[in-house]
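Novice: My structure is below; once you've seen it, I'll send some questions.
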Amino acid sequence: MKKITVNTEELKKAIEKLYKVVARKSDNDVLKNILLNADTESGELFITASNLTQFARMKIPADITSTVQFVFSETKTILKAMKFFTADNITLEYIEEQKDDKGKIIKAGEVNIICGEKKAKQKIIESELFPAFPEISEELLNDCHYSNAKLKERFDAISYAPLTGETPRSILKGVHFCKSDMVTTDNYRLVLNKDESFEVETSFTIPCDTLKYVNQVLEEELHIISDIKFIKFTDNNGSTIITRLYESDYIDYRRVLKNEGKYRITIDVKNYVENLKYLKTIAPGKIEAQWYKNKIGAEADKGEYESEVYAIGEMPFEIAFNIDYMIEALCRFKNKVIITLDSEIKPMMITSEEDINNVALILPVRPKTNKMFEKITS
């Protein structure tokens with residue numbers, strides 16, 4: 001019988017992290033579970049999860065009698081049960097499947113799970129059914145190091161803007177890296193975060209979920225490499241996440257960021273956001289606000305509502321925008337921001353002299369009511 005003995009807490013921690021990556025809603029039982037690969041040569045147990053887009057692998061020291069690999073059939077159940085495992089070590093005993101003379105399986109493989117006085121037996125899924133872990137080619141396009149904490153901080157600053165839901169332009173559901181820029185957009189708004197201390201040689205776009213998993217699964221220091229198809233994140237412990245890159249070209253966001261700044265208005269973030277929230281409250285269900293001079297307003301079925309905002313400079317024409325989009329963008333800044341624009345149909349650019357590494361753009365919408373402020377004041 002092939003046995004694997006590992007530290008209970010180390011195994012629990014690895015399964016907890018990797019279970020975030022599995023395709024829990026999949027109809028494929030293999031993708032809803034994790035692969036265990038015990039290697040006698042290295043004396044390590046490699047644990048792998050995949051949803052076919054992201055692949056994650058961790059390793060922990062193990063006492064192994066024979067090289068073996070298999071897939072848990074009920075990872076979720078095992079994870080729940082592990083909170084009752086209090087002994088220092090846990091042993092997995094692998095029982096091979098049984099076949100008749102014609103090679104037909106007459107009894108599925110099983111694994112005995114032993115931790116102190118607690119024991120369990122569970123059927124396993126053969127490892128051959130688990131998707132192969134991708135390999136990065138030797139022709140690297142990027143090879144760099146970066147802080148996981150800094151990557152999370154930057155992603156948090158731009159994570160509100162990518163496209164969501166089903167769409168043929170799936171690349172807009174991702175995060176684009178170009179030189180020192182990280183960018184997300186849904187075609188109605190765009191947000192950029194810059195860090196001059198980190199620069200990629202070749203631009204790429206990855207799914208947003210990848211960065212979530214990198215932060216949840218991997219430790220602090222990251223080694224990042226990529227080729228034309230995949231990108232690989234590895235921490236100091238040798239834990240790894242690989243994801244497929246989006247293959248189509250990202251939008252020319254630098255062209256979108258071109259703004260002559262004909263009109264420049266400085267606003268107080270807290271004051272402006274509070275007034276937008278007032279409009280959302282008094283005009284429930286309304287997603288559009290309008291801005292003219294130092295007033296913002298909204299029109300609902302049962303009335304029109306407005307409020308004055310603190311501003312240096314005035315909006316010279318009526319311009320309409322999505323209230324939620326503006327609140328999300330402004331909440332990434334502190335104190336005062338500068339809004340520049342060229343016309344009522346061109347994007348509004350939001351910047352801050354205190355935070356030069358963040359830029360947000362919001363595309364105006366066509367107002368449903370023209371001259372709204374004339375109606376309110378008349």
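Novice: How about segment 126-158: which of its residues are assigned to a strand (DSSP E or B) and either surrounded by fewer than 15 Cβ atoms within 10 Å (Cβ to Cβ) or touching a Pro at 6+ places or on another chain (Cβ under 9 Å) (or both)?
Specialist: Within segment 126-158, Asp143, Cys144, His145 meet the criteria.
Novice: From the list Ala62, Ala56, pick out the single residue that is surrounded by 13 or more Cβ atoms within 10 Å (Cβ to Cβ), over 29 Å from the mean Cα position of the chain (by Cα) and within 26 Å of Ile136 (Cβ to Cβ).
Specialist: Of the residues listed, the single one that is surrounded by 13 or more Cβ atoms within 10 Å (Cβ to Cβ), over 29 Å from the mean Cα position of the chain (by Cα) and within 26 Å of Ile136 (Cβ to Cβ) is Ala62.
Novice: Follow-up. Output the qualifying pairs, or none if there are none: Cβ atoms under 7 angstrom, residues six or more apart or on different chains, first residue in segment 343-359 and closer than 12 Å to Asn193 by Cβ, second residue among the basic types (Lys, Arg).
Specialist: Asn357/Lys194; Asn358/Arg332
Novice: For segment 36-94, enumerate the residues that are more than 24 Å from Glu219 (Cβ to Cβ), part of a strand (DSSP E or B) and in contact with a Cys (Cβ under 8 Å, 6 or more places away or on another chain).
Specialist: Thr91
Novice: Turning to a different aspect of this structure: Based on what the data block shows, is Asp88 surrounded by fewer than 17 Cβ atoms within 10 Å (Cβ to Cβ), modelled with pLDDT under 90, acidic (Asp, Glu) and more than 18 Å from Leu129 (Cβ to Cβ)?
Specialist: No, not satisfied.
Novice: Mind checking which residues of segment 257-287 are at pLDDT below 90 and surrounded by 18 or more Cβ atoms within 10 Å (Cβ to Cβ)?
Specialist: Selection gives Ala283 alone.
Novice: Still on this structure: Is it true that Ile171 is in a helix (DSSP H, G or I) and assigned by TED's automatic domain parsing to the domain that holds Tyr246? First the steps, then the outcome.
Specialist: Numbers: in a helix (DSSP H, G or I): yes; assigned by TED's automatic domain parsing to the domain that holds Tyr246: yes.
Yes, satisfied.
Novice: Just checking, does segment 154-161 include any residue being touching a helix residue (DSSP H, G or I) at 6+ places or on another chain (Cβ under 6 Å), over 21 Å from Ser50 (Cα atoms) and hydrophobic (A, V, I, L, M, F, W, C)?
Specialist: To start, the set of residues in segment 154-161 that are touching a helix residue (DSSP H, G or I) at 6+ places or on another chain (Cβ under 6 Å) comprises 155, 160.
From what's left, over 21 Å from Ser50 (Cα atoms): 155, 160.
Among the residues that remain, those that are also hydrophobic (A, V, I, L, M, F, W, C) are: 155.
Yes: segment 154-161 contains one or more residues that are touching a helix residue (DSSP H, G or I) at 6+ places or on another chain (Cβ under 6 Å), over 21 Å from Ser50 (Cα atoms) and hydrophobic (A, V, I, L, M, F, W, C).
Novice: Right, next: Filter segment 223-234 down to residues that are of a type in the set (A, V, I, L, M, F, W, C) and within 19 Å of Thr48 (Cβ to Cβ) and give me whichever is farthest from the chain's Cα centre (by Cα).
Specialist: By that ranking, first place goes to Ile225.
Novice: Could you run through segment 8-35 and say how many residues are under 21 Å from Glu219 (Cβ atoms) and either part of a loop (DSSP other than H, G, I, E, B) or in contact with a His (Cβ under 6 Å, 6 or more places away or on another chain) (or both)?
Specialist: Final tally of qualifying residues: 5.
Novice: I would also like to ask the following. So, of the residues in segment 298-313 that are in a loop (DSSP other than H, G, I, E, B) and at pLDDT 90 or above, which turns out to be nearest to Lys286 (Cα to Cα)?
Specialist: If we take residues in segment 298-313 being in a loop (DSSP other than H, G, I, E, B) and at pLDDT 90 or above, then Val309 is nearest to Lys286 (Cα to Cα).
Novice: Right, another one. Select from segment 63-81 the residues that are hydrophobic (A, V, I, L, M, F, W, C), farther than 12 Å from Lys2 by Cβ and touching a residue at least 40 places away in the same chain (Cβ under 8 Å) and list them in ascending order.
Specialist: Result: Val71, Phe72, Ile78, Leu79.
Novice: Moving to a separate point now. Criterion first (in a loop (DSSP other than H, G, I, E, B), under 25 Å from Leu257 (Cβ atoms) and among the aliphatic types (A, V, I, L, M)) does Val183 satisfy it?
Specialist: Answer is no for this residue.
Novice: Can we say Val200 is in contact with a Cys (Cβ under 9 Å, 6 or more places away or on another chain), under 21 Å from Ile241 (Cα atoms) and crowded, with 20+ Cβ neighbours inside 10 Å?
Specialist: Considered against the rule, which asks whether it is in contact with a Cys (Cβ under 9 Å, 6 or more places away or on another chain), under 21 Å from Ile241 (Cα atoms) and crowded, with 20+ Cβ neighbours inside 10 Å, Val200 comes out as yes.
Novice: Please work out if Lys25 is basic (Lys, Arg) and within 29 Å of the chain's Cα centre (by Cα). Show your work before the answer.
Specialist: Details: basic (Lys, Arg): yes; within 29 Å of the chain's Cα centre (by Cα): yes.
Yes, satisfied.
The values are calculated or read from the model by the stated rules, or taken from the named source; none is laboratory data. For clarity, every value in this text was computed on a predicted model and none was experimentally measured. Here Cβ is always computed from backbone atoms with ideal geometry, including for glycine, and neighbour counts include all displayed protein chains.
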